[in-house]
Amino acid sequence: MSKENSPKTIEKGKLNMDFNLRSKAMGIHFDSVNLHAVGVRNNINQLLYKGWEVLPNFENRSDDEVQDFIEEFQGRKGIKPADTFLLLPRSEVICQIAEFPSEAANNLDEAMEYQLVNYFALDREEYDFFPQIVGRGDQLKVMIIAIKKALLGHCFGFIRRWDLKLAGLSLDTFGLVNGYARLEPDRFSSGQTMIFRGFPEGLEVIGVRDGSIVLSEYFAIERLETNPDNESDEEDDVTRDEAFLAHLDEQALVKAVEKTFSSARMDPNEVDTYRWVGDYQHDVRDYLTDEVGLPFDDWKDGNGETIDEGALVGFGGAVGAVHDNVPFECNLLPEKQRKRHKRLPVILGSAALVIAALFLVFSQVKGYMGLREESRNLKTTLNKFEANMNEVAIARGILESRKEELELYKRFQTSKMLVKIVASMANDLPADTYLNSLIIKNENELAVQGESDQPFDLQRVLDKMPFLRDVKSTNAITPGRNKDGKSRFMYKATIILEELH
């Protein structure tokens, strides 16, 4: 694998942010039985599902039939030939996840060569090996893919015989997870997901945790065939295939699935999302749903349309044809064989539109910023006016209070009321009586306090004054503490202002 094809760091939270002008793409994948074609439309960075078609028993068909199938699908969906990704089946390769020092990222091929003997007990002359970084931390998590040279040759034969113009060739596991990362970036980058992918002969289980692939395990589905003579039960009208499928080795399946959870270090109760992929092993899917209790969710495209489970692998492959930047970029196709449509006229036209749009946006933003500045100035002026109005209101309140006090003072001044009250008390009160205080409140409320030898006679004296009424003592009369032995007193009364004029 060349340095140009080395995988990039998985950038969480940036999976849907790159911009490109490819509007339609196609994903092709195959298994031991059928050839699958899936169309995708990229609508302003929104992936839309455009259909899935299957060519059964493609290996037994002529090259012209296969080529017509692919070209007709591309024509119906409006897909250009070079916007196509081909995926190899996981069931035909061997994968191991290894750990490497983080420094090995710059020379991954060489670092892998030294470690192959530790992970693969096979004749390495018969295989080609490709590394893909699937996780980063203190160390690199690298999935090493061992592909038989015969399988690669067979695949390149397809490319030549069917006259395929491809943007890339990858493992269908990577295509599937890349599609998941684009469709649901939040779930992909944060959380735990288990994906079960059915093949005609077996099952792949993929574990994804926090944007990293932690597991890709493939195992054959074991079955208990109880009709070795291949006889059908005519009375029950059950075909041999139905009888065969009815005898799934459930114990072996559960054991294999438990092993995948253990290998991925995932607790089934802590997995956030379960997904089923593929149009095979329906009885396995039903058993895992009904008996084991795994809640498989649907996959939806950017418009909320449910994507067929059999189309999800091809959908992910098409994502690799639409977007150059995907989390797992393992491309097995040599650089010189990769095809991309030249889009210079479209790019120039789009660039002109973008520049015009930016100019329009800039003008609008400039006007908007001017309005914001004017609004800010008006708010400042308004705040000043409101503050001044508050000060005026406070001053008006103080002025009214002062006016009331002045009116009261004028009444005292014009009638010489205080002088008349003091003079009258000086004449009428006994000579042994002393006033310590004389207070007038609320215009006509009088309070006098003092000391006298005869405090009980004072109320009678005050009652006789024509300008006082309602004379009453406000507290008990107590002996004084002075050397003369006088008693303290306090009286209140209401002043009749008219008697003082």
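The values are calculated or read from the model by the stated rules, or taken from the named source; none is laboratory data. Nothing here was measured: the structure is a model prediction, and the numbers come from that model. Here the Cβ is made from the backbone with ideal geometry for all residues, glycine too, and neighbour counts use every protein chain on show.
Rundown of residues vs (1) over 17 Å from residue 318 (Cβ atoms); (2) of a type outside the set (A, V, I, L, M); (3) touching a His at 6+ places or on another chain (Cβ under 6 Å), yes/no style:
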{"residue": "75", "(1), (2), (3)": "no, yes, no"}
{"residue": "82", "(1), (2), (3)": "no, no, yes"}
{"residue": "85", "(1), (2), (3)": "no, yes, no"}
{"residue": "92", "(1), (2), (3)": "yes, yes, no"}
{"residue": "97", "(1), (2), (3)": "yes, no, no"}
{"residue": "101", "(1), (2), (3)": "yes, yes, no"}
{"residue": "105", "(1), (2), (3)": "yes, no, no"}
{"residue": "113", "(1), (2), (3)": "yes, yes, no"}
{"residue": "117", "(1), (2), (3)": "yes, no, no"}
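Restricting attention to the stretch 328-349 and to residues that are part of a loop (DSSP other than H, G, I, E, B) and at pLDDT 85 or above, the residue that is farthest from residue 164 (Cα to Cα) turns out to be 328. Checking each residue in the stretch 31-66 for being more than 15 Å from residue 157 (Cα to Cα) and part of a loop (DSSP other than H, G, I, E, B) picks out 31, 32, 33, 34, 43, 44, 45, 46, 56, 57. Looking across 133, 144, one residue alone is among the β-branched types (Val, Ile, Thr), free of Cβ contacts under 8 Å to residues at least 60 places away in the same chain and within 23 Å of residue 97 (Cβ to Cβ). It is 144.
Any chance the stretch 128-137 includes a residue that's of a type in the set (D, E, K, R) and not in a loop (DSSP other than H, G, I, E, B)?
So in the stretch 128-137, the residues of a type in the set (D, E, K, R) come out as 128, 136.
Next, only the ones that are not in a loop (DSSP other than H, G, I, E, B) stay: 128, 136.
Yes, the conditions are met somewhere in the stretch 128-137.
The combined condition, being part of a strand (DSSP E or B), of a type outside the set (Phe, Trp, Tyr), in contact (Cβ under 8 Å) with a residue 60 or more places away in the chain and crowded, with 16+ Cβ neighbours inside 10 Å, is not fulfilled by residue 82. Counting residues in the stretch 142-149 that are at negative phi, in the same structural domain as residue 181 (by TED's automatic domain parsing) and in a helix (DSSP H, G or I) gives one or more.
Looking only at the stretch 112-131, decide whether some residue is at pLDDT 90 or above, hydroxyl-bearing (Ser, Thr, Tyr) and more than 29 Å from residue 192 (Cα to Cα). Within the stretch 112-131 (the criterion being at pLDDT 90 or above, hydroxyl-bearing (Ser, Thr, Tyr) and more than 29 Å from residue 192 (Cα to Cα)), the answer is yes, since at least one residue qualifies. Screening the stretch 175-228 for residues that are within 23 Å of residue 310 (Cβ to Cβ) and polar (S, T, N, Q) and picking the one that is surrounded by the most Cβ atoms within 10 Å (Cβ to Cβ) gives 216. Of all residues in the stretch 33-70, those being surrounded by 14 or more Cβ atoms within 10 Å (Cβ to Cβ) and over 36 Å from the mean Cα position of the chain (by Cα) number 12.
On the given criteria, is residue 176 hydrophobic (A, V, I, L, M, F, W, C) and assigned to a helix (DSSP H, G or I)? Yes: the conditions hold for residue 176.
Taken as a whole, the condition of being outside any helix (DSSP H, G or I) and surrounded by fewer than 17 Cβ atoms within 10 Å (Cβ to Cβ) applies to residue 121.
Being over 29 Å from residue 38 (Cα atoms), in the same structural domain as residue 43 (by TED's automatic domain parsing) and in contact (Cβ under 8 Å) with a residue 24 or more places away in the chain is the requirement here; does residue 101 meet it? For residue 101, the condition - over 29 Å from residue 38 (Cα atoms), in the same structural domain as residue 43 (by TED's automatic domain parsing) and in contact (Cβ under 8 Å) with a residue 24 or more places away in the chain - is met. For the stretch 448-463, indicate whether the set of residues that are more than 18 Å from residue 499 (Cα to Cα) and exposed (fewer than 13 other Cβ atoms within 10 Å of the Cβ) is non-empty. Within the stretch 448-463, one or more residues are more than 18 Å from residue 499 (Cα to Cα) and exposed (fewer than 13 other Cβ atoms within 10 Å of the Cβ). Confirm whether residue 98 is in contact with a Phe, Trp or Tyr (Cβ under 7 Å, 6 or more places away or on another chain) and of a type outside the set (Asp, Glu). Considered against the rule, which asks whether it is in contact with a Phe, Trp or Tyr (Cβ under 7 Å, 6 or more places away or on another chain) and of a type outside the set (Asp, Glu), residue 98 comes out as yes. Scanning the stretch 420-468 for residues that are hydroxyl-bearing (Ser, Thr, Tyr) and part of a loop (DSSP other than H, G, I, E, B) yields a single hit, 433. So for the stretch 94-101 (the condition being buried (at least 16 other Cβ atoms within 10 Å of the Cβ), in a strand (DSSP E or B) and of a type in the set (Gly, Ala, Ser)), does at least one residue qualify? Yes: one or more hits.
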